[in-house]
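Visitor: Structure in structure tokens, see below.
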Amino acid sequence: LENDAQQPISVLAQNAEFNPDQGTAIYTGKVEIEQGSLRVKAHKVTVYRRSDGEIDKIIAEGLNDRVYLQQQPKPEDPIVKAYAMKIDYLASQQQVELTHQAELENGQDSFSGERIRYHLQSKRIQAWGQNKTQNEQSTDGRVKIILFPGEGEQAQ
Amino acid sequence: MLFGKRLKKRFISLIGLMALGVAVHFLDVQRPQSFDLFSDLPDAPSEPDYYTVNSTFLEYNADGVLSRSLRSERLLHYPDIEETALVNPEIISYGSTGMPQWQAMANSGLVEGDGSHFQLNQNVIVWQISAENLSDATIEAPVDMQLSTEQLNIDMDKNQVTTDKAIKIITQEGMTSAIGLFADLTTNQITLKNQVKSLYQKQSLPLIQRTNVPESQQDK
């Protein structure tokens, strides 16, 4: 939601390591994060803080399973769901970067590729496929997008 | 008459003696009895050789800079088992500049033989104040971090603290609870062992009286 960024962030995990001097907190083991309508589930989450104490970015990493993230941009919007082996949440830019086995579902529309950037406020989506070096499994490696026509267009 | 006078004298001296006896008994009752002072402490398997009331021990490093202070309401030393029992202890560890690095207090404590291993029990609170917060402060300094638990083991030589109990940490940026902790108070690295819950939300922390810094250190 629009005021998600102003909400407190709650984190649950099996264990954690804090390095106040470096401004980092590393949570590992069944990590769950909540901030307003934003939800993240991951194996490991690292929280980076600026010198003024504000959160700069959060990096969530999967282990066997991919990281899962969901958020509802507006009350009337469908929930956006995202999956990737690594998800970076950049607080100040209100932007999420999905890396490796990235997939994003926005209602019925879906995007998948090697890397996806999603702007939480503007809902703008950028996606990149695998470059030659990354394309080990000789899959197509290109971005895959499935867009469903809106209701108005479906009726024609 | 003679007999009357003598009897009167004897009677007065008897009254005097009784009054003296009452006065001595009254004073004796007022004087803190050693067993009263420590009747609330668990029975120790050996005899104490000394005790102190409202004492402060100051320890200085080789350069003559205050490194540690231990304040306690009551302290009882047991030579045979090389332990010291403390009531309401307050420990302050000073950094190389002689400013308090962190402070800890509790309802009771135990010091093992060499004096560098403490165990604090019940209502254990540890505060940490950064150097800049303290040097800017005139009367009070905002605490950077407050840790609370029910039992804490402190290794003063390594400046490390550990516990297997539930802990709660409050900083300016938020609050975290967990079960079990290891913290290195020199590198400020904190490891939380189980059931970690963090809430990132601005918190207001207590202020520490700057008077905890002995005058000799304050004007440095």
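The values are calculated or read from the model by the stated rules, or taken from the named source; none is laboratory data. Bear in mind that the values here come from a model prediction, so they are computed numbers and not experimental data. Quick reminder, even Gly has a Cβ in these numbers, built from the backbone with ideal geometry, and neighbours come from all protein chains shown. We work out accessible area using only protein heavy atoms, side chains counted, and drop any ligands, DNA or RNA first. Shrake-Rupley method; radii C 1.70, N 1.55, O 1.52, S 1.80 Å.
Visitor: Find the sum over both chains of the accessible area lost when B and A are paired, probe 1.4 Å, and report it in Å² to the nearest 100. Display every interim value, and only then the final one.
Guide: Numbers: alone 13560 and 9510 Å², together 21440 Å².
For B against A, buried area totals roughly 1600 Å².
Visitor: On the protein heavy atoms, probe 1.4 angstrom, tell me the percent of accessible surface of segment B:50-164 carried by carbon and sulfur.
Guide: Ligands and nucleic acids excluded, carbon and sulfur give 47 percent.
Visitor: To continue, here is another question. Among the GluC sites (Glu not before Pro) in segment B:74-109, which ones are in a DSSP loop with at most 14 other Cβ atoms within 10 Å of the Cβ? Mind listing them?
Guide: B:82
Visitor: Given a 1.4 angstrom probe, I'd like the percentage of the accessible area of chain A that is carbon and sulfur, rounded to a whole number.
Guide: Working: 4030 of 8690 Å².
Carbon-and-sulfur percentage of accessible area, whole number: 46.
Visitor: Within 10 Å of each candidate Cβ there may be at most 14 other Cβ atoms; applying that plus a DSSP loop requirement, which trypsin sites (Lys or Arg not before Pro) in segment B:150-206 survive?
Guide: On the way: sites: B:158, B:165, B:168, B:193, B:197, B:202; in loops: B:158, B:202.
In loop regions of segment B:150-206 (DSSP not H, G, I, E or B), the sparsely surrounded trypsin sites (Lys or Arg not before Pro) are B:158, B:202.
Visitor: Rounded, prolate or oblate, given the Cα gyration tensor of segment B:50-164, with a/c below 1.5 counting as rounded?
Guide: Here segment B:50-164 falls in the prolate category.
Visitor: Now for a different question. Calculate the FRET efficiency for residue B:165 and residue B:117 from the Cβ-Cβ distance with a Förster distance of 22 Å, rounded to the nearest 0.05.
Guide: In this case the efficiency is close to 0.80.
Visitor: A further question follows. How about segment B:166-182: which of its residues lose at least 20 Å² of accessible area in the presence of all protein chains relative to their chain isolated, using a 1.4 Å probe?
Guide: Buried-area filter returns B:173.
Visitor: Here is a further query. In whole Hz, with x marking every Gly and Pro, tabulate ³J(HN,Hα) for segment B:117-124 from phi via Karplus 6.51 cos²θ - 1.76 cosθ + 1.60, θ = phi - 60°.
Guide: 10, 10, 10, 9, 10, 6, 6, 7
Visitor: If the cut-off is a Cα-Cα distance under 27 Å, which lysines reach residue A:81, setting aside same-chain residues fewer than 8 apart in sequence?
Guide: Correct list for residue A:81: A:30, A:41, A:44, A:57, A:123, A:144, B:197.
Visitor: If you don't mind, there's one more thing I want to ask. Within chain A, what is the longest stretch that has no GluC sites (Glu not before Pro) placed in a DSSP loop and near at most 13 other beta-carbon atoms within 10 Å? Can you show the working numbers first?
Guide: Numbers: sites that count: A:2, A:54, A:76, A:136.
Free of exposed loop sites, the longest segment is A:77-135.
Visitor: Just tell me the longest site-free run in chain A, where the sites are trypsin sites (Lys or Arg not before Pro) in a DSSP loop having at most 16 other beta-carbon atoms within 10 Å.
Guide: A:51-122
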